[in-house]
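Here the structure is laid out as structure tokens; the discussion comes afterwards.
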């Protein structure tokens, strides 16, 4: 399974792509329903969220089809209110939540400081909310 994660206006948005092309989108760990027609046509997923100031924001999650013969991998585009925020490739070495997105080392149970966790293996910092570290203990901004 491939994972694409981003934190937009305080909400963790995760796009997943399975081995047989099954795709799903989760917001703060909850699946987002999308119509069978959009799923069949591989169209985008539309989500309405509130930002930090309580304003309504429209988020679009779109899988960008790669050019297979060039050896490119699929990507996911995240747009907020019609403005592209990020185009992400699948996280390398990622086997699921709770591991460092850079090297794949488990970061579960590590201390969260300023909303980030430091990987003891590679030394890189990552958002605790994005990797799911400390969330089982109620840290890192979990509700």
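The values are calculated or read from the model by the stated rules, or taken from the named source; none is laboratory data. Just so you know, these numbers come straight off a predicted model, no measurement behind them. Here the Cβ is made from the backbone with ideal geometry for all residues, glycine too, and neighbour counts use every protein chain on show.
Just give me the residues in segment 50-74 being surrounded by 13 or more Cβ atoms within 10 Å (Cβ to Cβ) and at pLDDT 85 or above, in sequence order.
51, 57, 59, 60, 61, 62
On the given criteria, is residue 87 outside any loop (DSSP other than H, G, I, E, B), crowded, with 17+ Cβ neighbours inside 10 Å and modelled with pLDDT of 85 or more?
Values: outside any loop (DSSP other than H, G, I, E, B): yes; crowded, with 17+ Cβ neighbours inside 10 Å: no; modelled with pLDDT of 85 or more: yes.
No; evaluated as a whole, the condition is false for this residue.
When you go through 131, 107, 99 one by one, which is the residue that is modelled with pLDDT of 80 or more and either buried (at least 16 other Cβ atoms within 10 Å of the Cβ) or in contact with a helix residue (DSSP H, G or I) (Cβ under 6 Å, 6 or more places away or on another chain) (or both)? Don't jump to the end; show me each part of the working.
Working: 131 fails: modelled with pLDDT of 80 or more; 99 fails: modelled with pLDDT of 80 or more.
Matching residue, one of 131, 107, 99: 107.
Looking at segment 3-49 only, could you name the residues that are more than 19 Å from residue 131 (Cα to Cα) and at pLDDT 80 or above?
Those that are more than 19 Å from residue 131 (Cα to Cα) and at pLDDT 80 or above: 23, 32, 33, 44, 45, 46, 47, 48, 49.
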